[in-house]
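For reference, the structure discussed in these notes is given below.
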Amino acid sequence: MRTATVTRTLMSTMPTDAITLTPPNGSLAQLRLLQLVSPALPIGGFTYSQGLEYAVEAGWLHDVPSLQDWLRGLIDDSIAHLEIPLLARLYHACVSSDVQALESWGRYLLAARETRELRQEEQQRARALTRLLSDLDITRAQHWKQQLELCQSAPYALAAVSWGIRLPDAALGLAWSWLENMVAAAIKLVPLGQTDGQRVQLALAEALPAAVQRGLQLEDDQIGASAPMLALASSLHETQYTRLFRS
């Protein structure tokens with residue numbers, strides 16, 4: 001079912017306190033999306049490496065091919081089968097003001113984080129983004145504070161809905177933001193030159209549209225990811241002697 005059709009269906013059955021969607025404006029929505037996924041967004045995304053720091057320390061990642069292999073595996077598994085389908089459900093929960101669904105899917109995503117530091121990262125970034133949206137006069141950010149602070153994708157979804165950003169665009173933006181953060185961390189850690197970092201982004205960006213499309217089509221019982229090396233790297237990072245990143 002197309003996103004527009006889903007949105008019309010949801011709006012026709014909205015409760016009286018349902019969120020009011022910003023009228024579609026392609027150019028403005030695109031600019032809002034760029035703002036939402038920008039590294040300059042003050043939520044501290046640059047302070048996390050999601051296990052990359054230990055993977056480099058252990059010698060698992062040491063050059064462009066090994067980094068691409070690591071990130072491509074996470075795109076095919078985690079991005080396509082966890083992040084994107086859950087963002088879709090959080091997005092539709094915001095459209096219909098379904099606070100129960102917002103909390104349920106937020107808790108699902110938080111539970112999918114396999115280590116203490118990944119759960120802390122999820123909630124720290126969620127709190128920062130929820131606070132920012134409240135400061136930017138998205139009133140539901142304050143009303144739904146408890147539910148939004150479970151995971152970053154919840155306030156991200158609220159921002160996308162509030163600013164008239166289509167779900168497929170928001171999903172692709174989320175995937176791109178993750179990739180950009182990971183490459184930026186790898187440039188410091190591996191280390192890579194800036195040009196090598198751009199090569200990695202160019203190569204892996206080609207996989208993102210298909211991963212997003214798959215993720216948006218998944219049924220509830222198909223959601224879930226298994227990335228054991230990521231979980232292992234993250235757990236060992238928690239006790240790593242010297243660290244640049246928080247995860």
* the range 20-154 - convex hull of the alpha-carbon atoms, volume per residue in Å³ -> 130
* Asked: Okay, helix-only estimate at 222 nm for the chain: each DSSP H run of n ≥ 4 adds -39500 (n - 2.57), divide by all residues, round to 500 deg cm²/dmol; what do you get?
  -> -19500 deg cm²/dmol
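If you take the alpha carbon radius of gyration of the range 146-247 and divide it by 2.2 N^0.38 Å, what ratio comes out, to two decimals?
1.27
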* Mean separation of Cα contacts under 8 Å (6+ apart) over length of the range 94-189, as relative contact order % -> 28
* **the chain: relative contact order as a whole-number percent, Cα under 8 Å and 6+ apart** => 36
* Describe numerically, in nm with one decimal, the distance between label points set 7 Å from Cα along Cα→Cβ at ARG107 and at GLN120. => 2.4
* Report, in debye and to the nearest 20, how large the dipole of the chain comes out about its Cα centre when Lys and Arg carry +1 and Asp and Glu carry -1 on their Cβ. => 520
* Compactness of the range 43-237, expressed as Rg and Dmax over alpha-carbon positions, Å -> 16.3, 47
* If you take the beta carbon distance between MET229 and HIS143 as r and set R0 to 35 Å, what does 1/(1 + (r/R0)^6) give as a FRET efficiency, to the nearest 0.05? -> 0.35
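Each value in this text was obtained by applying a stated rule to the coordinates, not by laboratory testing. From a predicted model like this one, the values you see are computed outputs, not experimental measurements. Every residue, glycine among them, receives a Cβ derived from its backbone with ideal geometry; neighbour counts consider all protein chains shown.
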